[in-house]
Every structure is written in C-alpha cells, then in structure tokens.
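Here is the structure we will look at, set down as structure tokens.
The values are calculated or read from the model by the stated rules, or taken from the named source; none is laboratory data. Nothing here was measured: the structure is a model prediction, and the numbers come from that model. Here the Cβ positions follow ideal geometry from the backbone for every residue, glycine too, while neighbour counts run over all protein chains shown.
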2 protein chains.
Amino acid sequence: MKKPRPDLSAQIAASIRDAIVEGRLIVDERLPSEAELSEQFDVSRPTVREALKRLGAQSLIRTQRGATGGAFVNHLRYEDAYAQHVTTSTLLLSMNDVSFDTAAEARFALEAACVPLACARRTPDHLATMRAECHRQAQPGLSDEGFCASDVAFHRALVDGAANPVLSYQLAGAVEAMQPLMNMITFSARSRGVIVGLHGRIADALEARDAVAADVALSELAAYTRELAQSVFAERARR
Amino acid sequence: MKKPRPDLSAQIAASIRDAIVEGRLIVDERLPSEAELSEQFDVSRPTVREALKRLGAQSLIRTQRGATGGAFVNHLRYEDAYAQHVTTSTLLLSMNDVSFDTAAEARFALEAACVPLACARRTPDHLATMRAECHRQAQPGLSDEGFCASDVAFHRALVDGAANPVLSYQLAGAVEAMQPLMNMITFSARSRGVIVGLHGRIADALEARDAVAADVALSELAAYTRELAQSVFAERARR
DNA sequence: GTTTTTTCATTTGTCAGACATTTAAAAGTC
DNA sequence: GACTTTTAAATGTCTGACAAATGAAAAAAC
C-alpha cells in the first residue's frame with residue numbers, strides 16, 4: 001500500500017514536464033544549464049542528465065552542445081509525436097492480446113468517420129497516392145509484407161484526405177498498428193484481387209465526392225477483411 | 001546536409017527499443033545488468049543509464065532494485081500509455097496553433113464513429129456515468145473548469161461505451177486534449193443549459209439503443225459548440 | 001576600418017571510480 | 001523446521017575529470 005517514492009531523476013523530469021505543459025516554460029526557451037539545474041534541485045549532474053534524457057525521449061526538449069547550447073523546450077511537431085504514437089500503439093496491440101477483430105473494428109470505425117470529410121476535401125494528390133497504392137497491390141510479385149505496407153499507405157491517404165491534422169495524428173496509431181496483425185495473414189491472389197477492387201471503389205467514390213458510396217465500399221472491405229481473418233485463423237487452429 | 005551522429009545513449013536506447021518492438025526481447029524478460037550492458041556496448045555505466053532512462057520514460061522498461069532486480073521489458077498497459085498520449089496530444093494542440101474548429105471537428109467525427117458501437121454495447125455503468133456528469137453540469141455553482149472537466153468525462157463515457165479498448169485509447173488523446181481549448185470559453189447559464197440538454201438526449205438515445213437519434217443529438221451538439229466558440233472568439237476579437 | 005583568423009569560455013557528452021540503498025537468496029542459529 | 005543474520009548483486013547517486021562542440025570575443029591581417 002505504500003507508494004514507492006519515485007527516483008530523483010523522475011521527480012525532476014516530472015517537475016520540468018509540468019512547467020512545460022502548464023506553459024511556465026515556452027517553446028524555444030532555454031532551460032538552465034545542467035550545472036545550474038543540479039544546484040537548483042540539489043542533486044548531482046548525472047541525475048539531472050537522466051531527467052533531461054527522459055524528457056528528450058518524449059521530444060519535449062532538445063539539446064545542443066557548445067557555448068550557447070543547452071536544453072531547449074522543443075516545438076513538438078506532428079512528425080515527432082507520430083513515430084512515438086505508432087510505436088506505442090503497436091506495442092499495446094501486441095502485448096495486450098488484442099484480437100484481430102477488435103483492432104479491425106476500431107480501424108474501420110475511425111476511417112468511416114473520415115469518409116465524409118475526405119470526400120469534401122481530398123486533393124488530386126490524395127487520389128494519386130491511393131491509385132498508386134492500388135497499382136502496387138495488383139503487382140503479382142509483391143510479397144505479403146509489401147502488400148500489407150501498401151494497404152497501410154492506402155488507408156493513410158484516405159485519412160489524410162480529411163485534411164484535419166488532429167484526425168490524422170490520432171488515427172495514425174490505429175492504422176499503422178494494424179500492420180503487424182495484417183502481416184499474420186497470407187493473402188491469396190484471389191483475396192488480393194477482391195481487396196484491390198474495393199480499394200478502387202473507395203478511390204472512385206472519393207473522386208466523385210460520393211460519401212455514401214465510399215462508406216458502402218469501406219463497410220464491405222471491413223466485412224471482407226474480418227471474414228478473411230476468421231478463415232485464416234480457423235485454418236491455422238485446425239492444424 | 002550532414003547528419004549529426006546521435007548520442008551514444010540515444011543509439012543504445014534505439015537498439016534496445018528495436019529489440020523490444022521486433023520481439024527479440026519479450027515481456028518481463030530481464031535485460032543484462034547496467035554493468036554488462038556497458039561492457040557489451042563498450043560505453044560507461046552512466047551512458048547506459050541515460051539510455052535506460054529514455055526507455056523508462058516511454059514505459060518500455062521498468063527497473064527494480066535489489067539482488068534480483070534490474071531492467072525488465074514492461075508489459076505496456078493502456079493506463080501507462082494513456083497519460084503519455086494525453087500529454088503529447090495536449091502539447092501538440094497548444095504548440096501548433098490548432099484552431100478550435102479543427103480540434104472540435106476531429107473530436108465529434110471520432111465520437112460519431114463510436115455511436116453505433118456504443119448503442120449496441122453500452123452497459124448500465126456507462127449510462128450511470130453519463131447521467132451523473134449531466135447532473136453535475138447542471139449544478140449552478142460549478143466553475144467553468146469544472147464544467148469542462150465534466151464535459152470531458154461525459155464524452156469519455158460515450159467513447160468507452162463502445163467497449164473497444166483500441167478505440168478508447170486512440171480517442172483519449174482527441175477527447176482529453178480538447179479540455180484546454182474548451183477552458184478558453186466561458187459558458188453562460190443559458191449555453192450550459194443547452195449543452196446539458198443535448199447531453200441528456202445523447203444519454204437517452206444510448207439507453208434506447210437508438211443510434212440515429214444519438215447521431216442527430218451529437219451533430220447538434222457539435223454545431224452548437226462551434227457556434228458558441230465562434231461568438232466567444234468574435235466577442236474577444238472586438239475588444 | 002573591415003575582414004579574417006585565432007583564442008577562449010561555456011555547455012553538453014562521456015568516462016572512471018566510489019559509496020549508499022534495496023532486495024532476495026544463502027548461511028547460520030535456535 | 002522456522003526464524004534470524006549475513007551476504008552478494010543490482011540499481012541509485014555522487015564526485016571529479018576530460019573530450020568535443022560551438023559561438024563569441026579578441027587578435028591579427030589586409
């Protein structure tokens with residue numbers, strides 16, 4: 001029942017993190033040097049460094065060497081947060097025995113939310129990406145991993161079509177973390193054909209800005225994916 | 001154009017992180033001791049420690065002191081990832097000048113995706129939470145911050161009603177990160193009444209498992225929220 | 001006076017060694 | 001056999017030092 005007192009470096013990291021989140025430290029502001037911090041918190045420099053590394057791992061600060069160097073509050077960009085979000089999401093799925101169905105349900109539900117927006121805002125660029133991925137998916141020599149990677153790229157283009165960075169960031173985890181689960185499935189030439197066909201229909205609907213048609217095609221894709229996964233897992237269980 | 005070679009501690013952290021993500025290190029497996037790692041990577045112990053702190057900050061490992069202690073691959077749980085996801089999402093919004101409209105659009109689109117699932121799966125617990133938050137929101141003495149916090153809790157209950165942990169995790173960022181933006185709005189007694197009324201209608205629809213009615217009420221809430229924000233910001237701009 | 005070069009102080013990155021603290025297993029005691 | 005003590009191993013922390021990078025000031029060259 002007793003709370004294990006967190007490490008000093010964790011305490012210091014939390015203290016600085018709070019200052020950033022609450023706005024007491026603003027973007028590009030320079031933190032005190034390690035020597036000054038170690039005096040302020042009354043700890044040694046290595047301990048301060050461990051705290052700073054923690055914050056660096058979360059992209060909250062960046063460090064620079066040299067005379068005018070130091071630790072600076074980082075301007076957190078989508079790309080920085082993106083990689084971490086995907087890593088965490090992937091590990092969450094693999095470590096918590098999330099079923100294929102659960103993950104697929106989440107992904108398709110979230111994508112469905114993007115469809116109306118994507119129909120309204122998709123640019124020729126988004127369509128071109130989707131068409132290119134469809135073309136790649138139809139290549140006969142493509143490996144299963146390559147097919148799944150292309151599948152992820154296609155769905156990312158759909159999400160990005162909504163032109164809402166908040167949406168893109170939040171959904172990145174769900175979309176990308178699906179890939180390892182998809183990789184567990186081996187796609188026959190026939191099932192690949194069905195999927196590419198549905199991808200084509202989704203792209204067509206987005207081009208025509210027809211949200212209803214896109215939603216129907218996406219639902220069919222969801223159903224077919226679930227079906228495919230069930231038969232693959234059933235086959236595997238029999239052996 | 002030249003790539004600044006990353007720090008040794010960053011290299012080591014990346015190396016271990018890859019091993020975890022790729023499954024070469026499995027959950028609860030013990031990493032070599034700091035002394036052994038420093039020998040393996042041919043660096044000093046403080047450098048190894050900085051690398052381990054980086055991984056600890058991402059909840060990828062946990063450390064334990066004592067004879068059988070050491071660093072262990074952590075079983076990443078939703079709760080661990082949750083706090084980090086919310087912190088990152090909040091900072092992303094505040095640092096990238098995301099407009100209220102963009103964030104609200106994302107939140108309502110994602111919640112709409114949960115509505116059909118929540119209608120099918122919501123438990124009495126979810127309904128009770130939503131009713132309780134509605135009741136709190138109707139209290140006259142509630143501060144603006146308290147109102148917003150309750151608003152977030154209400155929407156979280158809606159999302160959790162979908163009974164899909166992947167969905168809950170991914171949406172947590174969008175829902176919780178909205179709060180600081182909502183806090184910028186001061187709610188009149190009248191606007192509070194409208195919002196509570198719409199919340200009530202959403203809860204009613206979920207209780208009746210009526211997805212269409214829930215979707216309509218949610219859409220109205222989205223429109224009203226946007227309207228409210230616009231008038232608040234317009235008023236502020238005038239001064 | 002202006003430009004270029006050199007020097008230099010500051011700061012992070014890394015290392016070595018040491019001691020403190022925690023923890024569980026091993027050894028000892030009854 | 002059950003309990004207590006010892007001990008070894010591991011992380012947590014500190015001190016002190018040097019290396020490397022970097023911008024600014026000082027010096028030199030034109």
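For segment B:57-72, name all the residues that are in contact (Cβ under 8 Å) with a residue 12 or more places away in the chain and either facing chain A (nearest Cβ under 7 Å) or at positive phi (or both).
Within segment B:57-72, B:Gln58, B:Ser59, B:Gly70 qualify.
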*From the list A:Ala19, A:Ala13, pick out the single residue that is closer than 24 Å to B:His85 by Cα and either part of a loop (DSSP other than H, G, I, E, B) or within 8 Å of chain B (Cβ to nearest Cβ) (or both).*
A:Ala13
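Per-residue answers, yes or no, for (1) assigned to a helix (DSSP H, G or I); (2) closer than 20 Å to B:Pro124 by Cα:
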position	(1), (2)
B:Leu142	no, no
B:Ala157	yes, yes
B:Tyr169	yes, no
B:Ile185	no, no
B:Val196	yes, yes
B:His199	yes, yes
B:Ala214	yes, yes
_Looking only at segment B:202-231, filter to residues that are buried (at least 17 other Cβ atoms within 10 Å of the Cβ) and not hydrophobic (A, V, I, L, M, F, W, C); which one of those is nearest to B:Leu181 (Cα to Cα)?_
B:Thr225
*Name, by its number, the condition in (1) under 29 Å from the mean Cα position of the chain (by Cα); (2) facing chain A (nearest Cβ under 10 Å); (3) part of a helix (DSSP H, G or I) that does not hold for B:Pro46.*
(1)
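If the requirement is being small (Gly, Ala, Ser) and buried (at least 24 other Cβ atoms within 10 Å of the Cβ), which of these qualifies: A:Ala132, A:Ala162?
None of the other options fit; the residue is A:Ala162.
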_Restricting to segment A:113-144, name every residue that is within 17 Å of the chain's Cα centre (by Cα) and of a type in the set (A, V, I, L, M)._
A:Ala113
*From the list B:Ser99, B:Ser168, which residue is within 14 Å of chain A (Cβ to nearest Cβ) and in contact with a Phe, Trp or Tyr (Cβ under 8 Å, 6 or more places away or on another chain)?*
B:Ser168
*Quick check, is A:Ala162 modelled with pLDDT of 90 or more, assigned to a loop (DSSP other than H, G, I, E, B) and within 14 Å of chain B (Cβ to nearest Cβ)?*
yes
*Mind telling me which of the residues A:Arg54, A:Arg45, A:Arg17, A:Arg24 ends up being within 10 Å of DNA strand C (Cβ to nearest atom) and without any contact (Cβ under 8 Å) to a residue 60 or more places away in the chain?*
A:Arg45
*Identify the residue in segment A:58-82 that is within 6 Å of DNA strand C (Cβ to nearest atom) and surrounded by fewer than 16 Cβ atoms within 10 Å (Cβ to Cβ) and, among all such residues, is nearest to A:Ile16 (Cα to Cα).*
A:Gly69
